[in-house]
Amino acid sequence: MNEISKPQAAAAGLAGGLLNGAFGSGGGSAAVPILEWGGNDAKKCHAMSVAIMFFLSIVSTVGNIFLGYFPLDTVKELLPAGILGASVGAAALKKVDNDLLRRIFGVFLIWSGGRILTQ
Amino acid sequence: MNGFIPLAAGFLAGAAGAMGLGGGFVLILYLSWVGISAPEARAANLMFFIPTALVSMLINKRNGLIDSSVLPYAAAAGSIGAVVGLMIADRIDPSLLGKVFAVLITAVGIRELFHRRTTKKKQAKKKPASAQA
């Protein structure tokens, strides 16, 4: 199995950061394909994408606070279910088939893109 | 926002986010549906992702899916990207930005959906060994 290189990780971070900063989401849609470049393990790329987005979300959240957006009450209400979901999702990531993961990701991206375009 | 739907939205967003499958879209869709403004929804999504991603990272690290040696490079480059992205979002027409983004993720989605299967080859290689045993 190939390893994720440092320039590849930096490129994934830069692209993911741009999208996360501009749209508030979608960083992973750029980071995952860059990390997968060269035949890297899809599960590892998705896990790394989550880790990268974790750091970027902190930066973007600080930026949003400076811009006057701090929706703590909204987040507090959703968070307990979110933490439970994250535990289940991370456990499932270890077991899911790499090709199935990529195809689910593909369907999800096409659906999301189509929805934005038709809005 | 009381009831089953916010719980389901939070759970789905957390699960999809932890798998790197775009939990943000789920949450932003839900927040838009309940009438929260787009900038507020974007901010809420990013804030929601911090603790949920932390939980996911800890589990993924334990499962050997995180390569910590390259993470600082991604975080440093990504921080620059995030600041530039925030500046862009504040200056460019959001509908145009959305359309560009939609085309980009649709193209990536088509590539992911129709990629050549990789695990089949590995199984095919394993078959003769198991047949011998």
*Hey, any hits in region B:37-49 for a residue that's buried (at least 24 other Cβ atoms within 10 Å of the Cβ) and at positive phi?*
no
_Among (1) closer than 18 Å to A:GLY16 by Cβ; (2) among the charged types (D, E, K, R); (3) in contact with a Phe, Trp or Tyr (Cβ under 8 Å, 6 or more places away or on another chain), the one test that B:ARG111 misses_ = (3)
_Filter region B:22-31 down to the residues that are modelled with pLDDT under 90 and either facing another protein chain (nearest Cβ under 7 Å) or touching a helix residue (DSSP H, G or I) at 6+ places or on another chain (Cβ under 7 Å) (or both) and list them by number._
B:GLY22, B:GLY23, B:GLY24, B:PHE25, B:VAL26, B:ILE28
*From the list A:LEU79, A:LEU101, which one is more than 7 Å from chain B (Cβ to nearest Cβ), buried (at least 16 other Cβ atoms within 10 Å of the Cβ) and not β-branched (Val, Ile, Thr)?*
A:LEU101
*Out of B:GLY10, B:GLY64, B:GLY3, B:GLY109, report the one residue that is at pLDDT 90 or above, out of contact with any helix residue (DSSP H, G or I) (no Cβ under 8 Å at 6 or more places or on another chain) and either surrounded by fewer than 23 Cβ atoms within 10 Å (Cβ to Cβ) or farther than 14 Å from A:PHE54 by Cα (or both).*
B:GLY64
*Set A:VAL107, A:VAL50: member being among the β-branched types (Val, Ile, Thr), crowded, with 24+ Cβ neighbours inside 10 Å, within 7 Å of chain B (Cβ to nearest Cβ) and under 23 Å from B:ALA9 (Cβ atoms)*: A:VAL50
*Please specify each residue of region B:1-29 satisfying the condition of being of a type in the set (Phe, Trp, Tyr), farther than 21 Å from B:ALA89 by Cα and within 18 Å of the chain's Cα centre (by Cα).*
B:PHE11
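Take A:LEU72 and decide whether it is of a type outside the set (Val, Ile, Thr) and surrounded by fewer than 16 Cβ atoms within 10 Å (Cβ to Cβ). Talk me through it step by step, then tell me what you get.
Numbers: of a type outside the set (Val, Ile, Thr): yes; surrounded by fewer than 16 Cβ atoms within 10 Å (Cβ to Cβ): yes.
So A:LEU72 passes the test.
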_Let me confirm something: among A:LEU72, A:LEU117, A:LEU101, A:LEU109, which residue is touching a His at 6+ places or on another chain (Cβ under 7 Å) and either closer than 21 Å to B:ASN60 by Cα or modelled with pLDDT under 95 (or both)?_
A:LEU101
*Taking A:PHE23 and the conditions (1) within 26 Å of B:GLY64 (Cα to Cα); (2) at pLDDT below 90; (3) within 7 Å of chain B (Cβ to nearest Cβ), which numbered condition does it fall short on, given that it satisfies the others?*
(1)
*Which residue out of B:ALA77, B:ALA89, B:ALA102, B:ALA8 is facing chain A (nearest Cβ under 7 Å) and over 29 Å from A:ASN40 (Cβ atoms)?*
B:ALA89
_Total residues in region A:82-98, condition of a type in the set (A, V, I, L, M, F, W, C) and more than 7 Å from chain B (Cβ to nearest Cβ)_ = 1
*Are any residues in region B:42-74 facing chain A (nearest Cβ under 7 Å) and among the small types (Gly, Ala, Ser), and if so, which ones?*
B:ALA43, B:ALA44, B:ALA53, B:SER56, B:ALA74
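The values are calculated or read from the model by the stated rules, or taken from the named source; none is laboratory data. Please read these numbers as outputs of a predicted model, since none were measured by experiment. Note that each Cβ is placed from the backbone with ideal geometry, even for glycine, and that neighbours are counted across all protein chains shown.
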